[in-house]
Every structure is written in structure tokens, then in C-alpha cells.
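Q: Sending over a structure as C-alpha cells; questions will come in a sec.
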Amino acid sequence: MSSVEQTAGSSEQLMVRQQPRGTTSFVLGAAAVAMMMCPFLPAWVPNEVRFFPVYFIVPAGIGAVVCGLVALRRARGQEEATPSRARAGVALGTTAVVLSLAVICWAIWALNQAYH
């Protein structure tokens, strides 16, 4: 096999192995939403397992939004790109961040009302 054929074969393999755009964003967003449910695990689950992931909801959500926006920007000019995973990741990450911040604001308000 000549070097031209080897080069052509390796470029075809690279095209096949490319990861779809937005997978990282989708995984981070889904993980952030899943971590929101950890405090609702049964009582027999140790508290470390129930409440430790709560600290990573906002960072994972922000990472999902940033990675999703970057993937959407890169997929803008490509015809074969399907940005559905990136859009889903942005939506899940935004949902996780907004709901987490809303719960924090509600808790601060409720504690403030309890002490007045």
C-alpha cells in the first residue's frame, strides 16, 4: 500500500471516529439535573452520598452551558452537524443552575422570615 492510500485511509477513519458535537454539554447537564435529586434518596443512604453532590450542581450546570454554547458556535457552519445534543445540554445546564439558585434564594428568604 502506498503512503497516499495510507493517508486516505487514516483520514477516513478520523471522519468516522469524530464525536458528535455537544456530547460533553449533554452529559454535564444531565449529571447536574441528576445531582439535584440526590437529597431525595432514601434515608438509609448515608448523608455523604445524599448531600455531597449538591456542591457540584452549579459548576456542572455552568460547564454544560459553556460547552454547549461552544459546540453550537462550532457547528454553525457545518451542514452535517446536528446541534441537538448541545441544545439539550444548554437547556439542562440552565435548568440546573436556575433551579439551584432559586432554592438558595428561597432558603435565605425563609430563614430570614423565621428569625424576624
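Q: Using a 1.4 angstrom probe with every protein chain in place, what is the largest-first accessible-area order of 105, 67, 38? Don't jump to the answer; show the numbers that get you there.
A: Working: 105 85, 67 50, 38 25 Å².
In descending accessible area the options line up as 105, 67, 38.
Q: Sticking with this structure for a sec: Ranked highest first by the average count of other Cβ atoms within 10 Å around their residues, in what order do 89-95, 69-75 fall?
A: Top of the packing list down: 89-95, 69-75.
The values are calculated or read from the model by the stated rules, or taken from the named source; none is laboratory data. From a predicted model like this one, the values you see are computed outputs, not experimental measurements. For neighbour counting, all protein chains shown are included, and Cβ atoms are generated from backbone atoms with ideal geometry for every residue, glycine included. Just so you know, the surface numbers come from the protein's heavy atoms only, side chains and all, with ligands and any DNA or RNA stripped out. Shrake-Rupley method; radii C 1.70, N 1.55, O 1.52, S 1.80 Å.
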